[in-house]
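Taking it in order: structure first as structure tokens, then the write-up.
The numbers here are math on the coordinates, done by the rules we state, and not lab data. Remember, predicted model here, so these are calculated numbers, not experimental data. Here the Cβ positions follow ideal geometry from the backbone for every residue, glycine too, while neighbour counts run over all protein chains shown.
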Amino acid sequence: MTEDQNINLVFAIGALVLVASALFSRRIGFGEIVRTALAWFAIFALFIVGFSYKQEIMAVWSRVSGELTGAHDQVVVGETLRIRQSVDGHFWVDAKVNAKPVRFLIDSGATTTAMTLRTAEAAGIEISSSPFPVILSTANGSVEAQRGRIQSLQVGPLEMADLPVVVAEEFGDANVIGMNFLSKLGSWRVAGGEMVLEPVASGNP
């Protein structure tokens, strides 16, 4: 047994002895003593389990609370951005498009960054009115999209200017950061449930 386990065992035995002494001193029925003792035993057992696995419990709580509140899903370390994988298996990030807050899904399978028509208009993106739209294949079938350009896309400490984007009303509520953003970074990778985005090193083109 580890030192922590020994401490927990001694604490539990001492607590049960105190409870038993208190019950017998009250001279209540044996059945009531057994029920009360079992209840206290369950309480102390839960306490010991919680104390023994406090780190694991805190980690789970941090993840769950982060999912509920949207906090702690992206962390800036220097010029590097770390994004925690969501419970849906994807990587979501809070970014700014032309200084307007926009939530994006990062998808390395998407060639070009894509935005919904409503979000693009709210961010002041100039959208082409060409009679020849871009035909895109999506999970829901083919979609006609128009081209546009993001003047400034800021994702944590990373910022990119004059980024091509495709815009369509049929995208629904999903805004997607694609490979035309990721490929311009110094590096990006997925490891240990995190996506790590790093800028181009100073002095490199």
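Below, the figures for the structure above:
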read-out	value
Neighbourhood net charge (10 Å Cβ-Cβ; Lys/Arg +1, Asp/Glu -1) for GLU144	-2
Per residue, the convex hull volume that the Cα atoms of segment 69-198 enclose (Å³)	111 Å³
